[in-house]
Amino acid sequence: MTQITRRSVLGAIATAATPVKFAAAEVAISSTLDERLAAAKAEIIACLTERYGVAPEDVGSERGVFVFVPYPPESVEYDGPAFYEVEGKYPNGNKWCTTLWLERVDYQTVPGFYYRAESRWRGRLEKTIRLKPGKIRIIRRRDDYPNA
């Protein structure tokens, strides 16, 4: 009876994984130059989209590849109570973006202000939250918001 040790299991796993890596390398080498360039361009675009959160514009030509990453939209100033498109971050780092009714409210006991934000759907109030001005970014004013 053969004993199965940890070392023999790890060796078998490493041996089984090695041909997969060589097979992937052979496919990359055996593909045409145009296919390899297209795959590399697609990978660069995917990485830039993941980093900046905006899909880059691809302008290709015969002699080169140009990838332009657009700037995120400029933030605008608060201009009275209205619907605004607002962007913020969850505590885990994920971004959120939605349209909220914002009203600026001054604190009564300390200097400063906060935004009272209301989420509305088909004219009805869904929820009201407080937003700190340093934690959000106002993207644009939405005077044409259909769910008012």
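The values are calculated or read from the model by the stated rules, or taken from the named source; none is laboratory data. Here the structure is a predicted model, which means the values were calculated and not measured. A quick note on method: Cβ atoms are made from the backbone with ideal geometry, for glycine too, and the neighbour counts reach across all protein chains shown.
Residue by residue, here is whether (1) of a type in the set (Asp, Glu); (2) at pLDDT below 85; (3) in a loop (DSSP other than H, G, I, E, B); (4) surrounded by 14 or more Cβ atoms within 10 Å (Cβ to Cβ) holds:
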| site | (1), (2), (3), (4) |
| --- | --- |
| Ala40 | no, yes, no, no |
| Val59 | no, yes, no, no |
| Asp79 | yes, no, yes, no |
| Cys97 | no, no, no, no |
| Lys127 | no, no, no, no |
| Arg140 | no, no, no, yes |
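Taking the stretch 81-119 as the range and being over 30 Å from Tyr52 (Cβ atoms) and touching a Leu at 6+ places or on another chain (Cβ under 8 Å) as the test, the residues that pass are Pro81, Arg116, Glu118.
Take Tyr90 and tell me if it is under 22 Å from the mean Cα position of the chain (by Cα) and not assigned by TED's automatic domain parsing to the domain that holds Glu50.
On the way: under 22 Å from the mean Cα position of the chain (by Cα): yes; not assigned by TED's automatic domain parsing to the domain that holds Glu50: yes.
So Tyr90 fits the description; yes.
Examine the stretch 77-86 for a residue that is free of Cβ contacts under 8 Å to residues at least 40 places away in the same chain and either polar (S, T, N, Q) or in contact with a Lys or Arg (Cβ under 9 Å, 6 or more places away or on another chain) (or both), and state whether such a residue exists.
Step one: of the stretch 77-86, the residues free of Cβ contacts under 8 Å to residues at least 40 places away in the same chain are 80-81.
Add one more test, that the residue is either polar (S, T, N, Q) or in contact with a Lys or Arg (Cβ under 9 Å, 6 or more places away or on another chain) (or both), and what stays is 80-81.
The answer is yes; a qualifying residue exists.
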